[in-house]
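Peer 1: Structure below; questions to follow.
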Amino acid sequence: MAYVGTEPAVDNPQAVCLGETMAVLLPGHPGPTESVEEFRIAVGGAESNVACGLAGHGIPTAWVSRVGDDGFGRRITSELASHGVDISAVAVDPVRPTGLYLKETHPHSRMRYYRAGSAASALGLGTLTDPAVTQLLSGARLLHLSGITPALSADCFALVRALLGSRRPGLTVSFDLNWRPGLWRDRDPDVLLELANAADLLLLGADEAEAAFGLVGHTAIRAAFPAPATVVVKNSEHQVVALHSDGTAVSEPALAVEVVEPTGAGDAFAAGYLAATLRGLDQRSRLRLGHLTAATALTTRGDHGTPHSAELTTALLAATPDEWAATRVTAAVVHSPALPRPRTSTRPTPTQSGSTRP
């Protein structure tokens, strides 16, 4: 099997994210797909979005996956590398293609997927014996997975189950539910309960918990997932709650944000939260850095926003509850009483746009 790169591009990655990323075709104008003459190529993948977010926070990060020996695969790996992500353990499949999905805008907006038999669907137990992968996992402090991967194929399910079932001391495994009902139409979603409950850290939306498992309320969610040390629940009213195994909880409201485009916010939150976790910050700071990172994605076109300056981030992490609640974020400026004056954003707008609906 060939690899995108033969040497690690990042020294001693602390985080490894594993999962499929696909090429995305975005129509050049609204209307029926058959009438669209031009499409723009972008990149979409939940786990790779988190990898880019972690790298943006200065966390040495690697992404493990498979892509086809095609232009879409090369586009994906090139973009990940441009964000500073190590792609040395990304295998190039000589037969299977890179997954693809298309955004339709008529009569309503929807995603149409072409991922059956994709290169990433061939991830399996053999991945665990791959020298490039084992080298990355042997030194990592964090492995990030999602509920998308086990739905891709029986081999992918076996891989995720093995990764969750046997891991070395010192490695924290995070699992983002990322409920995609279309992927589970012909599968039993209850197996996700087993997988999610095997993680050290579980992230999910309250709406996902209800849609996938009929769980309503924090008490029911925590009872369904007793094993993880922390379950982070994102609520529809923009409040995020960290439920600890000892029965305590910490909650933090989202910032008021002038939204430019919503795609990527969930993965950005996960990246910020995980970066703060790796840095040993307290639970409230972890939630706040998640919200701050989500705000960078919400205020740009594309999945990846550039993190705010260290000075601004430090000030907002230390803000009082009233100062935090009064903070307003736009693409151009951050207004907050925790700051001496409004901070004009100098974050560049990414040239690539994607979606977190893989």
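Peer 1: Just to be sure I understand the filter: pairs with C-beta atoms under 6 Å, separated by 6 or more residues or on different chains, first member in the stretch 297-317 and farther than 12 Å from Ser336 by Cβ and at pLDDT 85 or above, second member open to solvent by less than 30 Å² (accessible area, probe 1.4 Å) and among the basic types (Lys, Arg). Which pairs pass?
Peer 2: none
Peer 1: If Thr219 passes every condition in (1) of a type outside the set (A, V, I, L, M, F, W, C); (2) part of a loop (DSSP other than H, G, I, E, B); (3) open to solvent by 10 Å² or more (accessible area, probe 1.4 Å) but one, which one does it miss?
Peer 2: With respect to (1) of a type outside the set (A, V, I, L, M, F, W, C); (2) part of a loop (DSSP other than H, G, I, E, B); (3) open to solvent by 10 Å² or more (accessible area, probe 1.4 Å), Thr219 is out only on (2).
Peer 1: Could you list, ordered by first residue, the pairs with Cβ atoms under 6 Å in which the first is in the stretch 51-63 and more than 15 Å from Leu18 (Cα to Cα) and the second is surrounded by fewer than 23 Cβ atoms within 10 Å (Cβ to Cβ) and at pLDDT below 95, at least 6 apart or interchain?
Peer 2: Cβ pairs passing all conditions: Gly56/Pro307; His57/Pro307.
Peer 1: Further, regarding this structure: List the number of the failed condition for Gly31; all other conditions in (1) touching a His at 6+ places or on another chain (Cβ under 6 Å); (2) assigned to a helix (DSSP H, G or I) hold.
Peer 2: Answer for Gly31: the failing condition is (2).
Peer 1: Looking at Arg115, Arg96, Arg110, can you tell me which residue is open to solvent by 70 Å² or more (accessible area, probe 1.4 Å) and touching a Gly at 6+ places or on another chain (Cβ under 8 Å)? Walk me through it before giving the result.
Peer 2: Details: Arg115 fails: open to solvent by 70 Å² or more (accessible area, probe 1.4 Å); Arg110 fails: touching a Gly at 6+ places or on another chain (Cβ under 8 Å).
Testing whether each residue is open to solvent by 70 Å² or more (accessible area, probe 1.4 Å) and touching a Gly at 6+ places or on another chain (Cβ under 8 Å) leaves just Arg96.
Peer 1: Report yes if Pro97 is more than 24 Å from Gly53 (Cα to Cα) and out of contact with any Asp or Glu (no Cβ under 7 Å at 6 or more places or on another chain), otherwise no.
Peer 2: On the way: more than 24 Å from Gly53 (Cα to Cα): yes; out of contact with any Asp or Glu (no Cβ under 7 Å at 6 or more places or on another chain): no.
When the stated conditions are applied, Pro97 does not pass them.
Peer 1: Taking interchain pairs and intrachain pairs at least six residues apart, which have beta carbon atoms under 7 angstrom, with the first residue in the stretch 176-188 and in contact (Cβ under 8 Å) with a residue 24 or more places away in the chain and the second among the acidic types (Asp, Glu) and surrounded by 13 or more Cβ atoms within 10 Å (Cβ to Cβ)?
Peer 2: Pairs found: Leu177/Glu208; Trp179/Glu208.
Peer 1: Touching a His at 6+ places or on another chain (Cβ under 7 Å), open to solvent by less than 40 Å² (accessible area, probe 1.4 Å) and either under 20 Å from Ala319 (Cβ atoms) or part of a helix (DSSP H, G or I) (or both), is that true of Val241?
Peer 2: Working: touching a His at 6+ places or on another chain (Cβ under 7 Å): yes; open to solvent by less than 40 Å² (accessible area, probe 1.4 Å): yes; either under 20 Å from Ala319 (Cβ atoms) or part of a helix (DSSP H, G or I) (or both): yes.
Spelling it out, Val241 is indeed touching a His at 6+ places or on another chain (Cβ under 7 Å), open to solvent by less than 40 Å² (accessible area, probe 1.4 Å) and either under 20 Å from Ala319 (Cβ atoms) or part of a helix (DSSP H, G or I) (or both).
Peer 1: Separate question: Using beta carbons and a limit of 7 Å, which pairs, at least six apart or on different chains, have the first residue in the stretch 95-123 and in contact (Cβ under 8 Å) with a residue 60 or more places away in the chain and the second one acidic (Asp, Glu) and part of a loop (DSSP other than H, G, I, E, B)?
Peer 2: Matching pairs, first to second residue: Thr98/Asp70; Gly99/Glu20; Ser118/Glu20; Ala120/Glu20.
Peer 1: Of all residues being closer than 21 Å to Asn178 by Cβ and outside any loop (DSSP other than H, G, I, E, B) in the stretch 244-268, which is farthest from the chain's Cα centre (by Cα)? Just the residue, please. So that I can check it myself, show each step before the final result.
Peer 2: Taking the stretch 244-268 first, the residues closer than 21 Å to Asn178 by Cβ are 254, 259, 261-268.
Cutting the leftovers down to outside any loop (DSSP other than H, G, I, E, B) gives us 265-268.
Details: Ala265: 9, Gly266: 7, Asp267: 3, Ala268: 6 Å.
Ranking the candidates gives Ala265 first.
Peer 1: Here are the criteria: (1) in contact with a Phe, Trp or Tyr (Cβ under 7 Å, 6 or more places away or on another chain); (2) part of a strand (DSSP E or B). Tell me which single one Ile41 does not satisfy.
Peer 2: Result: Ile41 fails condition (1) only.
The values are calculated or read from the model by the stated rules, or taken from the named source; none is laboratory data. Owing to the predicted nature of the structure, the values given are computational and were not obtained by experimental measurement. Every residue, glycine as well, gets a Cβ built from its backbone with ideal geometry; the counts of neighbours run over all protein chains shown. In case anyone asks, the SASA skips ligands and DNA or RNA and just uses the protein heavy atoms, side chains included. Shrake-Rupley method; radii C 1.70, N 1.55, O 1.52, S 1.80 Å.
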